[in-house]
Structures are given as C-alpha cells and as structure tokens.
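Taking it in order: structure first as structure tokens, then the write-up.
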Amino acid sequence: MFTPISGCAVLVTGGTRGIGKGIARVFAAAGARVAVTGRDAAGGEAAVRDLAGLAGEVVFLQGDVGVEADRSRVAAETVDRLGGLDVLCANAGVFPSATLAEMTEQDLDEILAVNVKGTMLMVRDCVPALERSGRGRVVITSSITGPVTGYPGWSHYGATKAAQLGFMRTAAMELAPKGITVNAVLPGNVATEGLDELGEDYLRQMEESIPLRRLGAVEDIGNACLFLATVEAGYITGQTIVVDGGQVLPESLQALQSI
Ligand code: NAP
C-alpha cells in the first residue's frame, strides 16, 4: 500500500489535453490539488470543467513554457493557488514533423524552445518551492522516440526527447541534496488529441506495431507518474520508465508477426 498522495500540490505543464490531462486526472482522482497549464485559455477552462468532481481540485494557469516570464509567473501562481508545490510533471511538448532535408533553422529553434528549454527552465523555476516541500518530485514526459527509437520526420523531436534525459541525469544529482528526485516516463504511442492529428493511417500502423495491440491510454502514463511521485518511490532518481505496451521489444517485423 502506498502512502496517499491526497493533499499534495502538483503542477502539470501541458495539462489541458492529451497525456498531461491524463496525468492531472490520475493525480486529482487520488486527491491531489492540481494546477494544469497550457497556452490556450479556452482549452484550459474546458479541461478544468472536465476534471471537476474528482477527489482533488484542479485549477488552470495560462502560460507558455517557451516564454521566460510565463514560466516564472506560473511557478509563483502555483504556490499561491495550491499553497506550495510537491510535484512538477514537466509534460508540455510539441511534435511537428520535418525531415532533415526540409528542416529549417526556425523549425529546430521552435522545438528546442518548448521541449528542451521549456522543460529545463520550468524545472529550474520550480526548484525553490519543491525544496520547501521536503519531498519534491520532478517527472518529465520524454518519449521512446529519440532515447530508444527513431522515426523519419522526427530527428529534431527525437533529439529534444533524448536531451531531456541528458538534463534529467545531472539535474537529479544537483537536486538530490535538496531532497528532490528527477525521473522521466517514456511513452510509446498514446491516444491523444495531438496523436490524432497524425491521421488514421498512422494510428492503425502504430497499433499493429505494439505487442499489447492497443495504443496507450493517457492514464497509463499518469499512473507511472503517480508512482514516481509517491513517498515510496523516494529512493528512485535519475531513472526512466518506458510505458509503451512493449512497442520497443520486437527485434524484427517477423518477431512481431509471430505473436
Ligand atoms: P497534445 O495532445 O498535443 O497536448 C499538448 C499539451 O501541451 C496541451 O495541453 C497544450 O496546450 C500544451 N502545450 C503545447 N505547447 C505548449 C507550450 N509551449 N507551453 C505550454 N503548454 C503547451 O500532446 P500529447 O500527445 O499529450 O503530448 C504530451 C507530451 O507527451 C509531449 O511532451 C510529447 O512529446 C509526449 N509524448 C507523447 C506521445 C503520444 O503518443 N501522444 C508519445 C511520447 C511522448 P496548448 O496548446 O493550449 O498550449
């Protein structure tokens, strides 16, 4: 039995839809007080309405993780609204597609600004509050793409998701004396609004490449985040959990088709 997370203060960046909303739902269902962020205020308010009625309250804080002033304001407002901060789920991220041949410098700058700088500097801005918590937790949403696998069109995306893990390992060391753990979840293909935008063909092809024969649910990722946020996971830091239905396992197409 894990120590209840109820009453903990949790910030989920990019928590207004997709995986982040699933993380928020799992934590709020367990009684945590949750702040979700996103750029779009209407989407944020809609997410709060959807997540109402769970054991813990959910509030929306508008902000872009790619903008310095937004990050520091969101960190401060989280503490004001929730009375502190115990868990940061650094989840906000984008996954536009561009092959290396067509990629512009601007494409690269834009994805680095959100996925790498947005993650690293959001963590930095939350450290004082996480340290005051005495049981601070950071859980980064990386991906199998980059750290484990490749996919044409996502060399820049894969680079950002691998960069998050490079950041995580040193951040975990630097923040250990402050009692803060830093870990990452690596989702495979999870059914989200963002993934839907890649089209039906992509979704079917992915489903067929997963040994468990289904796309991940956002709550599958939320549950892994919840585990890493527990008191009992307090001795785990600088580590990754792949949550992908076994997608990275088959050595070959034949291996996959033989099951
Ligand atoms: P999604 O459905 O597109 O949702 C993205 C969320 O992030 C939204 O709440 C969005 O709200 C917010 N967001 C985007 N850019 C932001 C910014 N600059 N500042 C603040 N919030 C921002 O995406 P998802 O599929 O849930 O993916 C979430 C995370 O999981 C990403 O880091 C992604 O790389 C990772 N991931 C996803 C999958 C998958 O299969 N879905 C697999 C592996 C990893 P606004 O648009 O209102 O800002």
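In the range 229-256, what residues are hydrophobic (A, V, I, L, M, F, W, C) and within 17 Å of residue 88 (Cβ to Cβ)?
229, 231, 233, 236, 241
To keep it simple, each residue is scored yes or no on (1) at pLDDT 95 or above; (2) among the small types (Gly, Ala, Ser); (3) under 21 Å from residue 86 (Cβ atoms); (4) open to solvent by 30 Å² or more (accessible area, probe 1.4 Å).
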| position | (1), (2), (3), (4) |
| --- | --- |
| 188 | yes, yes, no, no |
| 191 | no, yes, no, yes |
| 203 | no, no, no, no |
| 221 | yes, no, yes, no |
| 227 | yes, no, yes, yes |
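Under 9 Å between Cβ atoms, at least 6 apart or on separate chains: pull out the pairs that start in the range 81-96 with a residue that is more than 13 Å from residue 164 (Cα to Cα) and end on any residue that is modelled with pLDDT under 95 and not in a loop (DSSP other than H, G, I, E, B).
Correct list of pairs: 94/194; 95/194; 95/195.
Would you check if there is a residue in the range 233-249 being within 12 Å of the ligand (Cβ to nearest atom) and either modelled with pLDDT under 95 or acidic (Asp, Glu) (or both)?
yes
Which numbered condition in (1) in a helix (DSSP H, G or I); (2) in contact (Cβ under 8 Å) with a residue 12 or more places away in the chain is the only one that residue 236 fails?
Condition (1) is where residue 236 drops out.
Do you know which residues across the range 78-119 are open to solvent by 30 Å² or more (accessible area, probe 1.4 Å), more than 14 Å from the ligand (Cβ to nearest atom) and not in a loop (DSSP other than H, G, I, E, B)?
79, 80, 81, 105, 106, 107, 108 - these are the residues of the range 78-119 that are open to solvent by 30 Å² or more (accessible area, probe 1.4 Å), more than 14 Å from the ligand (Cβ to nearest atom) and not in a loop (DSSP other than H, G, I, E, B).
Could you check residue 139 against (1) in a helix (DSSP H, G or I); (2) under 22 Å from residue 66 (Cα atoms); (3) touching a residue at least 40 places away in the same chain (Cβ under 8 Å) and say which number it fails?
Among (1) in a helix (DSSP H, G or I); (2) under 22 Å from residue 66 (Cα atoms); (3) touching a residue at least 40 places away in the same chain (Cβ under 8 Å), the lone unmet condition for residue 139 is (1).
May I ask you to say which residue of 69, 41 is surrounded by fewer than 24 Cβ atoms within 10 Å (Cβ to Cβ), in contact with a strand residue (DSSP E or B) (Cβ under 7 Å, 6 or more places away or on another chain) and free of Cβ contacts under 8 Å to residues at least 24 places away in the same chain?
It is 41.
Going by the structure shown, is residue 214 part of a loop (DSSP other than H, G, I, E, B) and open to solvent by 40 Å² or more (accessible area, probe 1.4 Å)?
So residue 214 fits the description; yes.
If I ask for residues that are farther than 22 Å from residue 197 by Cα and within 14 Å of the ligand (Cβ to nearest atom), which ones from the range 46-65 would you list?
48, 51, 58, 60, 61, 62, 63
The values are calculated or read from the model by the stated rules, or taken from the named source; none is laboratory data. Predicted model, so just to flag it, every value in this text is computed and none were measured. Virtual Cβ from ideal backbone geometry, glycine too; neighbours counted across all protein chains shown. Ligands, DNA and RNA are excluded from the accessible area calculation, which covers all protein heavy atoms including side chains. Shrake-Rupley method; radii C 1.70, N 1.55, O 1.52, S 1.80 Å.
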